[in-house]
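Chemist: Before anything else, here's the structure in question.
Derivation of every value follows stated rules applied to the coordinates shown; laboratory data play no part. Quantities reported herein were computed from a predicted structural model and do not represent experimental measurements. In this analysis, Cβ positions are derived from the backbone assuming ideal geometry, glycine residues included, and neighbour counts consider all displayed protein chains.
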Amino acid sequence: MESWSRRLDAPVDAAFLIALRVFLGAVLVAAIARYFLHGWIDAYYISPRVYFPYYGFGWLKPLPPMGMYALFGVLGVLAFGLMVGAWPRLCAALFGGLFAYVQLLDVTHYLNHYYLVCLLCGLLALMPLSVGASLDARRRPELARGTVPAWTLYTLRAQFLGVYLFSGLAKLQPDWLVHHQPMRLWLATSAGARVLAPLVSVEAQAALSSWGGALVVLCAPPLLLWRPVRPYAYAALVAFHVLSGALLPLGIFPWLMVLALLVFFEPSWPRRLVGRRAPAVPVSPPGATPRWVLPVLAVYFLVQGFLPLRHWLYPGNVLWTGEGFRFSWHLRIRERLGQGRFYATDSRTGARWELNPEGLLTDKQAGRMITEPELILAFAHMLAERTGIPGVEVRADVQVSLNGRPFCPLIDPRVDLAAEEEGLGPKPWVLPLETRCEGDPR
């Protein structure tokens, strides 16, 4: 254990951590600006009449309209503070916490890269971020140093390797490798794919993208750790992310990964890049790491290893049931379309009628809800409450198409969803993927 502790505390060049702090801060400034420019603050957190909070977080509510705008303004300031190194650890912690609050308000806005942002902010909050190119170091020169403990480098590398490893493993299934779905569906409507269509058919593009994507992300971990081929692996990943961002609407994720993967090069690469123009920074010992940091990181990575594998604890195909799908780095491996109707039954009189939820959900909420059992259950509870009838029963007839398959029933239409409890356990009223739907996706 002592040798491990010495290795983790060994000094490494701080330049990589400084560069990552600046890059991540800049990406987050751009991400928050997008919320303002695209009107997402109003569309996601002010205009909706109802929300789908995560299980156990129903007590979280959006702020009043001006409060939500102010919150995103604060997030922008915190991202800028992280970038310029003004109390960067505090900025990282507050940004991660406040951004997590925003994401927890509504499941329908879940994105893997927003989850990654929250994780990175939490990790950076543990690290010495003021050691260089920061306003903190300018104000307090004693904070400047040329090295940081090696555990900071290993932690960030492990985080990104986990994303690639579990993303690659999730692609090892027939829909992706054999039927090239959902890539075929997406490329059929992609403007970028249509530009290439005269040279390469959409079907060929889908096959190349599916197999190429799986190979790139699965080979990334060992190749990034092998120094002789690291530059080539990085170049392949940059090409993969840039092409993915051009063909598909992936938001900030491609650019976040392109910048973040620079942590796999020698930690001194930013200093070597700028050469003699780099300011002289005293090379001093990184300082003793608090004893609680390494145990916290050990628990953190145990959880990070469990979450992507927990779907094996649930019956059925995770792409169909969605149980254990989020927080698992299942990146862009399914496309689902749904249609359904909800019916109420008065248990006292036996009267049955169709519920009309039109206008209750935004288009985005409705599209997500009708394909995910846990959200269908939550919505059934909302509808039951809105009837105002004690003991009302709510049932749903929901049909879903997975990766181009025919529409098939997702949940048992005989089950009273109003009587079912929300929770993390398996949902026996979710029907298995029917035999006629298990065949080749279109």
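Chemist: State the antiparallel share, in %, of DSSP beta bridges confined to the chain, rounding to the nearest 5.
Modeler: Among the beta bridges of the chain, antiparallel pairing accounts for roughly 100 percent.
Chemist: What are the ³J(HN,Hα) values, in whole Hz, obtained from phi via the Karplus relation 6.51 cos²θ - 1.76 cosθ + 1.60 with θ = phi - 60°, for each residue of the range 62-74 in sequence order, with x given for Gly and Pro?
Modeler: Couplings: x, 6, x, x, 5, x, 5, 5, 5, 4, 5, x, 4 Hz.
Chemist: Report the extension gain between Tyr154 and Glu422 in nm, rounded to one decimal, defined as 0.36 nm multiplied by the number of residues separating them, less their alpha carbon distance.
Modeler: Taking Tyr154 through Glu422 to full extension adds about 92.6 nm, to one decimal.
Chemist: What's the angle, to the nearest 10 degrees (0 to 90), between helix 202-225's Cα axis and the longest principal axis of the chain?
Modeler: The answer is roughly 40 degrees.
Chemist: A further question on this structure: Please give the contour-minus-distance gain from Ala70 to Phe36: 0.36 nm per residue of separation, less the Cα-Cα distance, rounded to one decimal in nm.
Modeler: 11.1 nm
Chemist: On to the next question. For the range 335-437, with only Lys/Arg (+1) and Asp/Glu (-1) charged at the beta-carbon, what is the dipole magnitude about the Cα centre, in debye rounded to 20?
Modeler: Working: 12 positive and 16 negative charges, 53 e Å.
Approximately 260 debye in magnitude.
Chemist: Here's something else I'd like to know. Show me the ranking of peptides 122-131, 357-366, 167-176 by mean Cβ neighbours inside 10 Å, starting with the highest. Could the numbers behind the result be given before it?
Modeler: Working: 122-131: 22.2, 357-366: 14.7, 167-176: 18.7.
Order by mean packing, descending: 122-131, 167-176, 357-366.
Chemist: Continuing with the same structure: Val293 label point, 7 Å along Cα→Cβ, cut-off 17 Å on backbone N: hits in the range 155-190?
Modeler: Counting backbone N atoms under 17 Å from the label point, the list is 155-159.
Chemist: Could you sort the peptides 26-35, 300-309 by per-residue average Cβ neighbour count (10 Å cutoff), highest mean leading?
Modeler: On the way: 26-35: 18.5, 300-309: 14.0.
Per-residue mean Cβ counts within 10 Å order the peptides as 26-35, 300-309.
Chemist: Identify, among Ile370, Pro428, Gln339, the residue whose Cα sits farthest towards the positive end of the charge dipole of the range 335-437, taking +1 on the Cβ of Lys and Arg and -1 on the Cβ of Asp and Glu, with the dipole about the Cα centre.
Modeler: Of the listed residues, the answer is Gln339.
Chemist: Next up: Could you tell me the center-to-center distance, by alpha carbons, between the range 381-408 and the range 318-367 in angstrom?
Modeler: Here the answer is 6 Å between Cα centres.
Chemist: Skipping prolines and chain starts, which residues have an amide H placed within reach, meaning under 5 Å, of the one on Asn317, given they are 5 or more residues away or on another chain?
Modeler: Leu433
Chemist: Apply the Karplus curve 6.51 cos²θ - 1.76 cosθ + 1.60, θ = phi - 60°, to the phi angles in the range 10-16 and return the couplings in whole Hz, x for Gly and Pro.
Modeler: Once θ is set to phi - 60°, the couplings for the range 10-16 become 4, x, 10, 4, 7, 4, 5 Hz.
Chemist: Same structure, new question: Assign unit charges at the C-beta atoms only (+1 for Lys and Arg, -1 for Asp and Glu), then state the dipole size of the chain relative to its Cα centre in Debye, rounded to the nearest 20.
Modeler: Magnitude of the dipole: close to 1700 debye.
Chemist: At what distance in nm do the modelled label points of Glu266 and Arg352 sit from each other, each positioned 7 Å from its Cα along Cα→Cβ?
Modeler: 7.4
Chemist: What residues have an amide H closer than 5 Å to that of Val12, excluding those fewer than 5 places away on the same chain, when H is modeled at 1.01 Å from N in the peptide plane?
Modeler: So Val12 has HN proximity to Val148, Ala150.
Chemist: Determine the calculated [θ] at 222 nm for the chain from helices alone, applying -39500 (n - 2.57) to every DSSP H run no shorter than 4 residues and normalising by the residue count; nearest 500 deg cm²/dmol. All intermediate terms of the calculation are to be shown ahead of the outcome.
Modeler: Values: 19 runs with 225 residues, N = 442.
Taking each H run of at least 4 residues, the total per residue is -15500 deg cm²/dmol.
Chemist: At a Förster radius of 51 Å, what calculated FRET efficiency corresponds to the Cβ-Cβ distance of Tyr101 and Ala204, to the nearest 0.05? Spell out each step's value before the answer.
Modeler: Values: r = 44 Å, r/R0 = 0.87.
So the FRET efficiency works out to roughly 0.70.
Chemist: Right, next: For the chain, what's the relative contact order in percent, using C-alpha pairs closer than 8 Å and at least 6 residues apart?
Modeler: The normalised contact order for the chain reaches 17 percent.
Chemist: Now a separate question. Can you tell me, using C-alpha contacts under 8 Å and at least 6 residues apart, the relative contact order of the range 128-240 as a whole percent?
Modeler: Worked out over the range 128-240, it gives 22 percent.
Chemist: May I ask for the Kirkwood hydrodynamic radius of the range 197-269, worked out over all distinct Cα pairs and given in angstroms to one decimal?
Modeler: 13.3
Chemist: Kindly provide the Kirkwood hydrodynamic radius of the range 335-437 in Å, to one decimal, from all pairs of distinct alpha carbon atoms.
Modeler: Evaluated on the range 335-437, it is 14.1 Å.
Chemist: Here is a further query. Among the aspartates and glutamates, which fall within straight-line cross-link reach of Lys427, defined as a Cα-Cα distance under 14 Å, with same-chain neighbours fewer than 8 residues apart omitted?
Modeler: Answer for Lys427, where 14 Å is the Cα cut-off: Glu323, Glu372, Glu374, Asp412, Asp416, listed by chain and number.
Chemist: Also, quick follow-up: Tell me the label-point distance for the pair Ser5, Phe306, using the 7 Å Cα-to-Cβ offset, in nm and rounded to one decimal.
Modeler: Here the answer is 2.6 nm between the modelled labels.
Chemist: Now a separate question. Along the charge dipole of the chain, which of Tyr114, Phe57, Val263 sits closest to the positive end, that is, farthest toward it, with unit charges on the beta carbon of Lys, Arg, Asp and Glu (+1, +1, -1, -1)?
Modeler: Of Tyr114, Phe57, Val263, it is Val263.
Chemist: Using Cα pairs closer than 8 Å and at least 6 residues apart in sequence, work out the relative contact order for the range 335-437, in percent. Could the numbers behind the result be given before it?
Modeler: Numbers: 161 pairs, mean separation 31.1, N = 103.
Relative contact order, the range 335-437: 30 percent.
Chemist: Round to a whole angstrom and tell me the spacing of the C-alpha centers of the range 225-258 and the range 130-192.
Modeler: Taking the Cα centre of the range 130-192 as reference, the centre of the range 225-258 is 10 Å away.
Chemist: In nm, what is the difference between 0.36 nm times the number of residues separating Ile389 and Phe327 and their Cα-Cα distance? The partial results should precede the final answer.
Modeler: On the way: separation 62, 0.36 × 62 = 22.32 nm, distance 3.69 nm.
Taking Ile389 through Phe327 to full extension adds about 18.6 nm, to one decimal.
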